[in-house]
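Inspection log for the structure reproduced underneath, given as structure tokens.
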Amino acid sequence: MAENVTRAADVARKTNETDIKLAFGIDGSGVSKLETDVPFLNHMLDLFTKHGQFDLEVEAVGDVDIDDHHTVEDIGICLGQTIREALGDKRGIKRYASVFVPMDEALAQVVIDISNRPHFEYRAQYPSQQVGSFQVELVHEFLWKLALEARMTLHVIVHYGTNTHHMIEAVFKALGRALDEATSIDPRVQGVPSTKGVL
């Protein structure tokens, strides 16, 4: 991680299925270092990091001889946990964001509320259920666990597209940009952006 990163966290998670070390910095420079057994997820996390201007390091080994499910799910869990920890008391953040990202013929929208109320809505119909060796249903699994552990409301809508890879790529780019906006500091915000006084 860069020395100027102020909102950052790391986590280690080891189970009978996976062994993961993950470090995440909100105020980064778009740099990722990704070592997992799931190449397509590496590609998506690299896009997420670059377009969100985060820093992300992942070392993950999992039981991919069975399938990619446990590895993808547990990386989503770990990333969500570090986002939540890195945000701290959430003072001064914008909290909300809505971002559209096109990828050639595909258009994705990600809407975020860093609300401390985990909720996930997903609207996507993909032409294919597999991209290379990656099972497309795992996108849902990753995003749901991310929202749950980060304790944020996350709505993901893929409006249209004909290429499954492009559609998923648009989602991860939009996710990075939306999270960057929602976590950014607004100097006009005094304290926590909620009438409740707490998030």
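Packing, taken as the mean count of other beta carbons within 10 Å per residue, orders the peptides 173-179, 8-14, 66-72 from highest to lowest as 173-179, 66-72, 8-14. Across every pair of non-identical alpha carbons in region 97-199, the mean reciprocal distance, once inverted, gives a Kirkwood radius of 14.4 Å. If R0 equals 30 Å, the separation of the Cβ atoms of SER194 and GLN130 corresponds to a calculated FRET efficiency of about 0.10. A simple count of charges around HIS140, restricted to other residues whose Cβ falls under 12 Å of its Cβ and scoring Lys, Arg +1 and Asp, Glu -1, yields -2. Most tightly packed first, judged by the mean number of other beta-carbon atoms within 10 Å of their residues, the peptides 182-189, 164-171 read 164-171, 182-189. Rolling a 1.4 Å probe over the protein heavy atoms gives the chain an accessible area of 47 Å² per residue. For the chain, the longest principal axis of the Cα atoms and the long axis of helix 137-150 meet at an angle of about 20 degrees. Just the protein heavy atoms count here, and of the accessible area of region 67-199 at 1.4 Å, carbon and sulfur take up 48 percent. FRET efficiency for the pair THR6 and ASP186, taken as 1/(1 + (r/R0)^6) with r the Cβ-Cβ distance and R0 = 22 Å, rounds to 0.85.
For P(r) over Cα pairs in 10 Å bins from 0, in percent, the value computed from the atomic coordinates appears in the list [x] 8, 34, 36, 17, 3, 0; [y] 9, 36, 41, 14, 1; [z] 10, 38, 37, 14, 2, 0 under label [z]. Taken over the chain, lysine pairs spaced eight or more positions apart, or on distinct chains, with alpha carbons under 19 Å apart number 9. Shape analysis of region 145-188 yields a ratio of the Cα radius of gyration to the Kirkwood radius, Rg/Rh, of 1.06. Quick one: grab the alpha carbon gyration tensor of region 42-115, order the square roots of its eigenvalues as a ≥ b ≥ c, and give me rounded if a/c is under 1.5, else prolate or oblate depending on whether a/b is larger than b/c. Verdict is oblate for region 42-115.
Within region 46-124, which GluC sites (Glu not before Pro) sit in a loop by DSSP and count at most 14 neighbouring Cβ atoms inside 10 Å? Qualifying residues, ordered by number: GLU105.
Kirkwood radius for region 111-150, taken over all pairs of different Cα atoms as the inverse mean of 1/r, rounds to 11.5 Å.
For region 113-199, the list of chymotrypsin sites (Phe, Trp or Tyr not before Pro) that fall in a loop by DSSP and count at most 11 other C-beta atoms within 10 angstrom is empty. Nearest 10 degrees is fine. How inclined is helix 69-87 to the longest principal axis of the chain, computing both from alpha carbons? That works out to roughly 10 degrees. When DSSP beta bridges are restricted to pairs lying wholly in the chain, around 75% turn out antiparallel.
The values are calculated or read from the model by the stated rules, or taken from the named source; none is laboratory data. Small disclaimer: the values here were computed from a predicted structure and weren't measured. Please note: Cβ atoms are built from the backbone with ideal geometry, for glycine as well, and neighbour counts cover all protein chains shown. Heavy atoms of the whole protein, side chains included, go into the accessibility calculation; ligands, DNA and RNA do not. Shrake-Rupley method; radii C 1.70, N 1.55, O 1.52, S 1.80 Å.
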